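Trainee: Dumping the structure here so I can ask a few things about it.
The values are calculated or read from the model by the stated rules, or taken from the named source; none is laboratory data. Fair warning: this is a prediction, and the values are worked out from it, not measured in the lab. Glycine gets a Cβ as well: all are built from the backbone with ideal geometry, and neighbour counts include every protein chain shown.
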């Protein structure tokens, strides 16, 4: 068997159903630990992955259960990259508006917190369109 | 095993809601329904005992946020206690620890409520 190509990575493809969220977040948490992150950081990674995959299932696919979400984790020397790909409605970088936390506390409402958590818990987030669909890339550096 | 189990107790007139497991987009309706049932029963002082809550995503936070106004408008409140470290970090990151009263233990929360209840 050949050694894996650099960077080492693995993929998980799930149906667009929220019942798989726990499976994905558990895996992301363990992967972050393998990448060298501590327990607290790996918990943040798992939350960010939950939010990103939930966005795909609920918003990009509109809750339709028969699509696929492709999650790839890449282990770089100083970081972990998480690529979440789908073929649903794209989210573009310029459409992403993070709620102002101060305003949010003054005027409580449901929704809008997922992207804020992702941005607080990860070092970089990018939304791009690819040949086959759309991608959310999240990067967490190992410090 | 289910991703989320919810126990609702009455302790000295306070509705104590104790989620066990994970609150995410998959389980949030169950959590929201339990909170809404309390509000329908005019139980406006709700203590979320988070001792066995391993994880809460923004979906769960939104459920709490969605009920805070009717609860407070009726003279009640939603309080939190016994948050695990990771769960506390999520609440704190989003500023929820400023919006809600957070206690280290259930006893501490109930003791505080005795003065106002």
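Trainee: Going by the structure shown, is residue B:113 crowded, with 19+ Cβ neighbours inside 10 Å, in a helix (DSSP H, G or I) and more than 10 Å from chain A (Cβ to nearest Cβ)?
Mentor: yes
Trainee: Does residue B:105 satisfy the condition of being away from chain A (no Cβ under 14 Å), farther than 15 Å from residue B:7 by Cα and in contact with a strand residue (DSSP E or B) (Cβ under 9 Å, 6 or more places away or on another chain)?
Mentor: Judged against the criteria, residue B:105 is a match.
Trainee: Quick test for you: out of B:71, B:87, B:28, pick the one residue that is touching a helix residue (DSSP H, G or I) at 6+ places or on another chain (Cβ under 7 Å), within 14 Å of chain A (Cβ to nearest Cβ) and within 18 Å of residue A:22 (Cβ to Cβ).
Mentor: Of B:71, B:87, B:28, the one residue that is touching a helix residue (DSSP H, G or I) at 6+ places or on another chain (Cβ under 7 Å), within 14 Å of chain A (Cβ to nearest Cβ) and within 18 Å of residue A:22 (Cβ to Cβ) is B:28.
Trainee: Okay, moving on. Those residues that are at the interface with chain A (Cβ under 10 Å from one of its Cβ atoms) and crowded, with 16+ Cβ neighbours inside 10 Å, I need them from segment B:90-99; list them, please.
Mentor: B:90, B:93, B:94, B:96, B:99
Trainee: Which condition from (1) modelled with pLDDT of 95 or more; (2) surrounded by fewer than 21 Cβ atoms within 10 Å (Cβ to Cβ); (3) within 12 Å of the chain's Cα centre (by Cα) is the one that residue B:105 breaks?
Mentor: (3)
Trainee: Restricting attention to segment A:68-78, does a residue exist that is closer than 21 Å to residue A:141 by Cα, away from chain B (no Cβ under 14 Å) and assigned to a loop (DSSP other than H, G, I, E, B)?
Mentor: yes
Trainee: Test each condition in (1) modelled with pLDDT of 95 or more; (2) over 13 Å from the mean Cα position of the chain (by Cα); (3) assigned to a loop (DSSP other than H, G, I, E, B); (4) more than 15 Å from residue A:47 (Cβ to Cβ) for residue B:26 and report the one that comes out false.
Mentor: Looking at each condition in turn, residue B:26 falls short on (4).
Trainee: OK, next. Any residue at all in segment B:35-49 that is assigned to a loop (DSSP other than H, G, I, E, B), within 27 Å of residue A:57 (Cα to Cα) and in contact with a strand residue (DSSP E or B) (Cβ under 9 Å, 6 or more places away or on another chain)?
Mentor: no
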